[in-house]
Amino acid sequence: MRSPNLLLVGKDLRLKDVGMVFERAGYEVRVVGGNGRALYQVMRGWPDLVIVAERAWESGGIDLAGYLRTWRGTPLIILGESPHSVDCVPYLEQGASIYMTAPVDMRELLARAKNLLRVVWSRQ
């Protein structure tokens, strides 16, 4: 079985830690600063999973989510900043698979990612 491909989107410092955790778990990881570059990677068919920092979402995340949902079926996880559960609803309505609030437990994030990929790959 091949290594899963993970695309991290944003300039949030947490993403560096997320990337290291996923690399240790056997993922191939790429980090891009914004949604335009993320969309380019997605259109090339690269990632199996996308994780977006909430701040990056605000500058084009809806377009990225729409493309992922409509054309690719690629799971999308948002790393949010709000501790209020009601704030995650717009992201989920726009196509995010999961919204996790800071501070993010890396083991939980990795487990959720593995579960999402298992579901997606079982449909292929």
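Values computed for the structure shown
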item: Matching residues in the range 63-113 - criterion: being without any contact (Cβ under 8 Å) to a residue 24 or more places away in the chain, of a type in the set (A, V, I, L, M, F, W, C) and closer than 18 Å to V9 by Cβ; result: W71, C88, L92, I98, M100
item: Selection within the range 43-58 - of a type in the set (G, A, S) and either surrounded by fewer than 14 Cβ atoms within 10 Å (Cβ to Cβ) or modelled with pLDDT of 75 or more (or both); result: G45, A53
item: Residues located in the range 1-41, provided they are in contact with a strand residue (DSSP E or B) (Cβ under 7 Å, 6 or more places away or on another chain), over 23 Å from P103 (Cα atoms) and not small (G, A, S); result: P4, N5, E28, Q41
item: Any hit, the range 1-24, residues being part of a helix (DSSP H, G or I), buried (at least 21 other Cβ atoms within 10 Å of the Cβ) and modelled with pLDDT under 85; result: no
item: First in the range 16-28 and more than 10 Å from L109 (Cβ to Cβ), second anywhere and loosely packed, with under 15 Cβ neighbours inside 10 Å and small (G, A, S), Cβ under 8 Å, 6 or more apart; result: G26/S3; Y27/S3; E28/S3
item: Hits in the range 70-124 - residues which are part of a loop (DSSP other than H, G, I, E, B) and either among the hydroxyl-bearing types (S, T, Y) or crowded, with 16+ Cβ neighbours inside 10 Å (or both); result: T74, P75, S82, Q94, G95, A96, S97, V104
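The values are calculated or read from the model by the stated rules, or taken from the named source; none is laboratory data. Being a predicted model, the structure only gives us computed values, none of them experimental. In this analysis, Cβ positions are derived from the backbone assuming ideal geometry, glycine residues included, and neighbour counts consider all displayed protein chains.
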